[in-house]
Protein chains: 2
Amino acid sequence: MAATDRLNQTSDILSQSMKKTDSSMSVVTAENPYKVSVVGSGNWGTTIAKVVAENTKEKPELFQERVDMWVFEEQIDGTPLAQIINTKHQNVKYLPNIDLPDNLVANPDLIATTKDADVIVFNVPHQFLGRIVAQMKGQIKPTARAVSCLKGFEVGPKGVQLLSDYVTQELGIECGALSGANLAPEVAKEHWSETTVAYHIPDDFKGDGKDIDHRVLKQLFHRPYFHVNVIDDVAGISIAGALKNVVALGCGFVTGLGWGNNAAAAIQRVGLGEIIKFGRMFFPESKVETYYQESAGVADLITTCSGGRNVRVATEMAKTGKSGEQVEKDILNGQSAQGLVTCKEVHQWLESSGNTEDFPLFEAVYQITYENVPMKELPSMIEELDIDSTSKCVLSYKMGL
Amino acid sequence: MAATDRLNQTSDILSQSMKKTDSSMSVVTAENPYKVSVVGSGNWGTTIAKVVAENTKEKPELFQERVDMWVFEEQIDGTPLAQIINTKHQNVKYLPNIDLPDNLVANPDLIATTKDADVIVFNVPHQFLGRIVAQMKGQIKPTARAVSCLKGFEVGPKGVQLLSDYVTQELGIECGALSGANLAPEVAKEHWSETTVAYHIPDDFKGDGKDIDHRVLKQLFHRPYFHVNVIDDVAGISIAGALKNVVALGCGFVTGLGWGNNAAAAIQRVGLGEIIKFGRMFFPESKVETYYQESAGVADLITTCSGGRNVRVATEMAKTGKSGEQVEKDILNGQSAQGLVTCKEVHQWLESSGNTEDFPLFEAVYQITYENVPMKELPSMIEELDIDSTSKCVLSYKMGL
């Protein structure tokens with residue numbers, strides 16, 4: 001078919017395409033402007049609080065201007081961190097040299113920070129979430145909604161639980177997620193980036209202007225330097241956010257072996273396929289498009305595989321022959337490479353469910369990290385030798401397509 | 001739904017998954033083993049000829065051992081290059097220090113190289129293809145089949161033509177394509193990588209054991225260090241192979257501006273979406289999976305955006321404010337950055353077809369490169385401000401999903 005014919009074929013559909021309208025960002029209002037609070041004030045927590053406070057200041061028809069941010073209280077040269085943030089308008093410990101809006105108020109009291117909030121944004125280290133949520137139980141508005149900026153899920157013997165589902169289970173409020181290719185220092189400096197917000201409209205949605213929906217969330221997080229796409233698929237972005245760290249270990253291995261860019265790209269391709277398959281197998285409601293089209297999917301995978309802790313640890317493992325645990329101690333100053341934990345949890349889950357063979361890359365990363373399988377075996381562990389066009393449907397399923 | 005329930009749901013399907021069988025690589029035979037020739041002997045041409053000759057040597061039941069490689073004749077210190085290759089078994093000019101199999105025979109006579117071939121592998125610079133094909137017309141077996149390792153397509157006033165279609169049109173033989181995340185020097189050194197071969201079985205297919213099919217192509221190109229997936233979608237891998245260079249220019253711009261990894265990942269994400277949309281709009285027979293699941297799709301995009309000429313030229317444009325043409329002269333030693341040509345051709349085609357608004361990234365790269373639009377405008381040029389869940393289908397189409 002000539003390209004001109006193809007064009008005619010599709011022009012009818014395209015003529016219906018939505019066009020950008022400058023007014024579209026300003027039509028959303030609320031009967032009672034929403035109160036927004038942020039739980040967490042590390043570098044990513046403070047950065048997201050800055051984004052949110054910039055938007056609430058500009059949109060009084062939709063949000064209360066003041067944003068409270070819970071700060072784990074600590075003393076900096078004898079002065080409480082919250083007090084420094086509220087006078088100097090900088091988080092001198094976790095996000096130095098970045099000016100914060102003066103409508104962002106640091107608060108060391110978790111309950112005071114969240115009790116009146118209509119939207120609670122969680123942005124704390126994974127390991128603190130349980131204790132924080134336990135304190136909040138029964139102390140917040142039952143009509144509140146939440147967004148979790150924590151990435152990923154927990155894998156236990158009973159299966160895979162999304163962190164957002166954990167919040168919903170513990171607090172009884174709907175919880176979405178925010179995830180994307182977002183290295184915090186770059187977002188804080190207002191270098192352009194993108195993110196994905198996922199939120200499922202709950203059955204008890206109270207109606208336009210009375211409750212949080214996708215348009216409200218776009219207004220809350222979108223900035224000229226921080227482009228937001230809002231979707232439904234909370235599971236998809238959570239799975240991608242966790243499993244990318246396992247893929248990053250694989251990238252670090254081939255980088256440390258000196259195999260170059262082709263091999264690193266191959267690991268990312270295979271990894272994306274296994275992420276998609278994992279999502280479809282265990283969260284069939286997640287959408288394939290989330291993984292290959294959203295910032296929280298392919299873009300976050302690319303950023304994470306470009307550098308960061310997991311790649312660094314795995315590269316060092318390849319170069320020195322040391323264990324992951326040892327390298328973590330040697331080079332991360334007490335921080336952890338999340339992929340080391342996730343790849344073990346995923347392996348245990350896949351083993352108990354009998355699915356290790358369907359995830360050869362995840363399994364290879366596990367075997368290399370914990371079972372002393374030589375790294376140079378990686379290609380043969382993920383090699384597909386068979387080709388049979390009569391089995392294409394089965395193969396497509398197997399490849400996660 | 002609990003993960004265990006999800007698992008039970010899918011276990012029936014998965015139990016049908018194909019398992020790897022070690023014997024699957026050795027069951028393909030030919031009544032008359034196929035003669036394979038390679039046209040081209042640059043670094044990528046010689047590398048692919050090495051791969052192919054290694055396989056023909058190991059599989060006498062399927063291929064004639066000797067592989068002829070056409071070499072554009074030139075003198076190296078007074079000795080013809082072909083003669084050096086055939087005595088030293090190295091391509092000292094274009095792929096030095098890589099040993100070639102002794103069943104790979106360099107031949108400066110194009111017609112002698114290809115007249116008896118059952119499979120002709122094209123691997124020459126784009127600009128020489130027309131002249132070479134013209135010489136071969138009427139001089140080859142009418143039953144021959146071809147694979148083009150040239151990436152991309154040509155855009156003219158009448159539309160987009162795949163290079164493989166051009167070969168078919170000129171020579172009357174079916175032509176597939178090979179493309180992937182394949183920096184030639186790494187493949188030549190046998191560092192692990194992957195590639196995609198696409199081939200459409202023609203209507204005059206002569207039957208198993210008598211003609212080239214997907215299994216034969218896998219046998220011809222797959223090596224332990226060079227993993228091959230064979231698919232049908234010639235259009236998909238050709239489109240991805242051309243448009244990735246435009247995306248790489250965008251990556252170079254944001255890198256040169258110092259915007260960091262988030263921005264580079266965002267460009268790749270948006271670029272992948274526009275590649276998919278371009279494919280679906282102008283080659284509706286191409287498959288979305290090709291772009292996000294194949295080495296020729298997302299992996300080649302990642303590798304190309306990690307470095308290479310297009311990124312280097314665009315980065316330098318950002319840093320110096322010079323034109324693309326000027327930077328090309330300054331830093332590429334007479335080589336060209338293909339993205340500069342492709343982005344202009346694509347713009348002209350989209351303009352004539354009235355579709356520039358549907359490809360904001362491609363258009364932004366064009367405007368920056370040729371119309372003096374400031375690079376810092378890039379984010380606002382691709383910003384999606386509107387969100388309207390009632391228009392989701394239209395939006396999804398617009399996003400290329």
- [ ] With N denoting the number of residues in segment B:15-232, provide Rg(C-alpha) divided by 2.2 N^0.38 Å, to two decimal places.
- [x] 1.00
Task: Radius of gyration, Dmax [segment A:90-139; alpha carbons; angstrom] - done: 12.8, 37
Task: Axis-nearest residue in chain B [Cβ, rotation onto A], distance in whole Å - done: B:292, 2
TODO: Give the percent of DSSP beta bridges with both residues in the protein assembly as shown that are antiparallel, rounded to the nearest 5.
DONE: 30 percent
Open item on the list: Within segment A:236-396, count lysine pairs with alpha carbon atoms under 15 angstrom apart where the residues are 8 or more positions apart or belong to different chains.
Closed with: 4
TODO: Could you tell me what percent of the accessible area of the protein assembly as shown is made up of carbon and sulfur, with a 1.4 Å probe and every protein chain present?
DONE: 49 percent
Task: Shielding of B:273-280 by partner chains, average beta-carbon count, 10 Å - done: 1
TODO: Would you mind giving the total buried accessible surface between chains A and B, with a 1.4 Å probe and ligands, DNA and RNA left out, rounded to the nearest 100 Å²?
DONE: 8000 Å²
Open item on the list: At 1.306 mPa s and 10 °C, plugging the Kirkwood radius over alpha-carbon pairs of chain A into Stokes-Einstein gives what diffusion coefficient in µm²/s?
Closed with: 70 µm²/s
TODO: With the convex hull built on the Cα atoms of segment B:249-294, state its orientation-averaged projected area in nm².
DONE: 3.5 nm²
Task: Inter-copy label distances at residue B:76 (7 Å, Cα→Cβ; nm, one decimal) - done: 6.3
Task: Packing-based ranking, highest mean first, of B:79-90, A:232-243 given that Cβ atoms within 10 Å are counted - done: A:232-243, B:79-90
Task: Peptides ranked, highest mean first, by Cβ atoms within 10 Å: ranges B:137-146, A:131-140 - done: B:137-146, A:131-140
Task: Eligible lysines near residue A:115 by straight Cα distance, threshold 30 Å, same-chain separation 8 or greater - done: A:35, A:50, A:57, A:59, A:88, A:93, A:137, A:141, A:151, A:206, A:210, A:218
Task: Using distinct alpha-carbon pairs, which all enter the 1/r mean, Kirkwood radius of segment A:236-396 in Å - done: 15.9 Å
Open item on the list: List the trypsin sites (Lys or Arg not before Pro) within segment A:190-288 that DSSP assigns to loop and that have no more than 16 neighbouring Cβ atoms inside 10 Å.
Closed with: A:206, A:210
TODO: Mind putting a number on the dipole of the protein assembly as shown about its Cα centre? Charges go on the C-beta only, +1 for Lys and Arg and -1 for Asp and Glu, and I need it in Debye to the nearest 20.
DONE: 960 debye
Open item on the list: For the protein assembly as shown, what does the accessible surface come to per residue with a 1.4 Å probe? Please give it in Å².
Closed with: 38 Å²
Task: Peptide A:375-382, shielding by other chains (average Cβ, 10 Å cutoff) - done: 2
Task: Shielding of A:285-297 by partner chains, average beta-carbon count, 10 Å - done: 4
- [ ] Calculate how many DSSP beta bridges within segment A:15-232 are antiparallel, expressed in % of all such bridges and rounded to the nearest 5.
- [x] 30 percent
TODO: Take the Cα coordinates of the protein assembly as shown, assign each an equal point scatterer, and use the Debye formula without solvent to give log10 I(q)/I(0) at q = 0.07, 0.08 Å⁻¹.
DONE: -0.54, -0.70
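The values are calculated or read from the model by the stated rules, or taken from the named source; none is laboratory data. Please read all numbers here as calculations on a predicted model, not as lab measurements. Cβ coordinates were reconstructed from backbone atoms using ideal geometry, including for glycine residues, and neighbour counts include every protein chain displayed. Calculation scope for accessible area: heavy atoms of the full protein, side chains included, ligands and nucleic acids excluded. Shrake-Rupley method; radii C 1.70, N 1.55, O 1.52, S 1.80 Å.
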